[in-house]
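For reference, the structure is listed below as structure tokens.
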Amino acid sequence: MNLEHSPDPDGADCVACGRCCHHPPHTVSVLESDEARMGEETVRRLTVLLDRPPFFRFVVNAGEHCGALDVSVPGAFPCGIYAVRPEGCREVEPGSPCCLEARRLGHLGSSVEFKR
Ligand code: SF4
Ligand code: SF4
């Protein structure tokens with residue numbers, strides 16, 4: 001895969017890329033509809049509710065990538081909750097402007113290094 005080119009529109013490059021899942025804490029918001037889809041156990045294990053108004057809920061994140069990202073295999077970045085992932089994640093389509101911007105900010109093979 002070459003970052004100079006658009007990724008496969010059907011998502012074939014996504015697991016090897018994972019760039020849009022690398023970001024700082026409090027990036028992936030969880031709506032009530034997302035909570036219902038995710039279920040109580042996943043909400044409890046992988047989300048955090050801010051303790052100040054307006055009490056937004058986010059997917060956990062220890063610093064440089066989403067806490068739901070499965071980083072157990074080097075070089076592969078599958079979503080650990082793909083089937084029930086939040087609405088915001090569903091809107092990031094391969095080749096879309098936010099996908100291309102995420103890829104521009106990251107570097108294939110070192111995308112675990114978050115840089116601004
Ligand atoms: S940045 Fe684009 S190609 Fe990479 S994982 Fe996200 S949607 Fe897929
Ligand atoms: S929930 Fe899944 S798709 Fe969304 S940012 Fe986290 S790992 Fe990526």
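The values are calculated or read from the model by the stated rules, or taken from the named source; none is laboratory data. Predicted, not measured: the structure shown is a model, and the values here were computed from it. With ideal geometry, Cβ positions are generated from the backbone for all residues, glycine too; neighbour counts draw on all protein chains shown. To get the accessible areas, we keep the full protein, side chains included, count just its heavy atoms, and leave off ligands, DNA and RNA. Shrake-Rupley method; radii C 1.70, N 1.55, O 1.52, S 1.80 Å.
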- Item | Under 14 Å, Cβ to Cβ, from G80 - net charge with Lys/Arg +1 and Asp/Glu -1 | 0
- Item | Those chymotrypsin sites (Phe, Trp or Tyr not before Pro) in segment 1-74 that DSSP places in a loop and that have at most 15 other beta carbons within 10 Å | F55, F56
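Is it possible to state the helix-based mean residue ellipticity at 222 nm for the chain, with each DSSP H run of 4+ residues giving -39500 (n - 2.57), the sum divided by total residues, to the nearest 500 deg cm²/dmol? What is it? Before the final figure, lay out each step's value.
Values: 5 runs with 31 residues, N = 116.
That comes out to -6000 deg cm²/dmol.
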- Ranked by accessible surface with a 1.4 Å probe, highest first, in what order do R19, R104 come? R104, R19
- Once a ≥ b ≥ c are taken as the square roots of the eigenvalues of the Cα gyration tensor of segment 24-73, is the result rounded (a/c under 1.5), prolate (a/b larger than b/c) or oblate (a/b not larger than b/c)? oblate
- Relative contact order (percent) for the chain, with alpha-carbon contacts under 8 angstrom and 6 or more residues of separation? 36
